[in-house]
Each structure stands twice: as structure tokens, then as C-alpha cells.
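The values are calculated or read from the model by the stated rules, or taken from the named source; none is laboratory data. Worth saying up front: this structure is predicted, and the values here are computed from it rather than measured. Here the Cβ is made from the backbone with ideal geometry for all residues, glycine too, and neighbour counts use every protein chain on show. Calculation scope for accessible area: heavy atoms of the full protein, side chains included, ligands and nucleic acids excluded. Shrake-Rupley method; radii C 1.70, N 1.55, O 1.52, S 1.80 Å.
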Amino acid sequence: MASVRQTGNKYSDDQIAIVLQACIDVAVERTTQRSAIRHIEIQVPSYPIKNFDGELRRVSLYLTGKGRFGFKFPANWARVFINITNDDTKVIAAFREQQRLYKERTGKNSGVLEEILSNYPSSTLA
């Protein structure tokens, strides 16, 4: 693993990548959910496994290019997700949609996520 960047967040970028990669692997049927959970338990023991199903649903949705309002991805998780999917245009479009939905419903969005998304051309909108 390359970076162990951990500021005031609960998990380091590497730990977030482990959780998200496990979700991606299950979502695209590269591995079983049981195997993914076991990997997370070993690599990120502080991660509450009870959250895995919700995380898996969100990852699966964002992989299709659809963002959501509700329990959103924090900006640091979004940055890692975009990175481990090699700047996938559908994932970026999903985060843009998340921003749009939050702006529509609450009148504000994440400035940090907006800064992350500014590194990608608007043409990545689905």
C-alpha cells in the first residue's frame, strides 16, 4: 500500500481503499461477500462489519453512475473511490449527482468534494 494518509478522519486512505475494493470485488462478482468481509476483518479490524451491506449497496449504485441523497460518501472516501476505479467516468458522474442532489435539497454541498471533482472535466457527466 502506498499512502498511510490519515488526518482527522477515522480511517487512513489505505484502510478506506481496502473496504471499497472489497465492496467493488463483491459488486462485480470477483469474490464472495463472505471472503470480502473476512479480508476487511483482517486488514481493517476497526471497521464495523455491520456497515458492509450498506457500503456494498452504495458502491454498487455509484459504479452504475447514479449518486444519491441520504447516507452519502464523505469526501475522503469519494477521493479514494475515484482513485481506485482509475477515474471511472460513471463513478465521477455519481459523485456529481450526489453534489447536485444535496445542493437541490439542502442548498449546500461538500466544498471538499467539489474541489476533488473540479479536477475532472464536466464532460464526465453521464
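Pairs are defined by a Cβ separation below 7 Å, a sequence spacing of at least 6 or placement on different chains, a first member in the range 106-117 that is within 10 Å of F95 (Cβ to Cβ), and a second member that is open to solvent by 60 Å² or more (accessible area, probe 1.4 Å) and modelled with pLDDT of 90 or more; the pairs so defined are I116/R79.
Residue count for the range 87-102 under the criterion of being open to solvent by 50 Å² or more (accessible area, probe 1.4 Å) and closer than 15 Å to S118 by Cβ: the result is 2. Kindly establish whether I84 is farther than 22 Å from Q15 by Cβ and open to solvent by less than 70 Å² (accessible area, probe 1.4 Å). No, not satisfied. The single condition among (1) more than 22 Å from Y11 (Cα to Cα); (2) part of a helix (DSSP H, G or I); (3) of a type outside the set (S, T, N, Q); (4) open to solvent by 20 Å² or more (accessible area, probe 1.4 Å) that F69 does not meet is (2). The requirement of being open to solvent by 80 Å² or more (accessible area, probe 1.4 Å) and in a helix (DSSP H, G or I) is fulfilled nowhere in the range 7-25; no residue meets it.
Can you tell me which residue within the range 72-81, out of those that are outside any loop (DSSP other than H, G, I, E, B) and of a type outside the set (A, V, I, L, M), is most open to solvent (accessible area, probe 1.4 Å)? Across the range 72-81, the extreme among qualifying residues is R79.
Out of everything in the range 47-64 that is part of a loop (DSSP other than H, G, I, E, B) and surrounded by fewer than 19 Cβ atoms within 10 Å (Cβ to Cβ), what residue ends up being farthest from the chain's Cα centre (by Cα)?
Going through the range 47-64, the residues part of a loop (DSSP other than H, G, I, E, B) turn out to be 47-48, 64.
Checking the rest, the ones that are also surrounded by fewer than 19 Cβ atoms within 10 Å (Cβ to Cβ) come to 48, 64.
Numbers: P48: 16, T64: 13 Å.
My answer is P48.
Taken over the range 26-46, residues that are assigned to a helix (DSSP H, G or I), closer than 26 Å to K90 by Cα and of a type in the set (A, V, I, L, M, F, W, C) amount to 5.
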